[in-house]
Amino acid sequence: MFQDFQPIAAIATTPTGVHQLWSLTQTQSTPLWVPQSLQDAVEPLQATSLQFYDKSLKEHVADLWASHRSLVFCLATGAVVRLIAPLLHQKSSDPAVVVVDEAGKFVISLCGGHQSRADQLARLIALQIGATPVLTGAANRAGLPGIDVLGVPFGWVKGEGDWTAVSAAIARQEPAQVIQEAGSTLWQAHLPEGHPFEVRSAKCEVRSRSVSERVSERQEPTAQIWITA
């Protein structure tokens, strides 16, 4: 279930947090890191997945950062933000960061929603523990794929270009032209009503239009994506 996100490290700082992440670590062979000071409190669990750290949490997270693809915290979101802020480098290499609240009601995709697939990880964890995933990206709100990770399941690789500007245009629901001359077109079938894409073949023949096509006809595309071999 979580193989694509390994290695994962789970981190809790209270007995309540340990219990919230417990099922995740037991079914996925994920280490659950807790402070040494909690050893007596969690000893009844007698779990091989429990690992103890004796450094400060800030130092320990820094140690885990470079060697893990995903970090799952049961900690206040603000505290996690302060912990990871000095470690953030670039979206393409930073790990996915997901936060579970101590009540076990919400799973928040905090960092790396698209490129590190934190959004998908948050959904899976929420399914595992019976919580609600919280995804705040504009693409999620609109039901659109993250354009910078479009086609990853098909083995597509992002090329050069101003992906930040393209993503921003799509988030604003501005017309975006997609010229596809290679690869699967299955992704088009999952676009929601009113999507901003106008998909054309390499010969510029329209292949897929949204219900907002009348707007697109009056407005030049503000973004263009080429899908090629």
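Only the coordinates and a few stated rules stand behind these numbers; no lab work does. Note that the structure is predicted; figures quoted are calculated from it, not measured. Counting neighbours? That spans all protein chains shown, and the Cβs are built from the backbone with ideal geometry, glycine included.
Summary table below
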item	result
Kirkwood Rh in Å, taken over the chain so that all alpha-carbon pairs contribute	19.4
Spatial separation of Cα centroids for region 166-187 and region 28-104, in angstrom	36
Residue among HIS19, HIS60, HIS89 with the largest mean-square fluctuation in a Gaussian network model of the chain, springs linking Cα atoms under 10 Å	HIS89
Most fluctuating residue given options VAL42, VAL100, VAL72, as computed from a GNM of the chain linking Cα atoms under 10 Å	VAL42
Radius ratio Rg over Rh of region 1-124, counting only Cα atoms, Kirkwood formula for Rh	0.93
Charge dipole of region 3-136 about the Cα centre (unit charges at C-beta), most positive-ward option of GLN36, GLN26, ILE8	ILE8
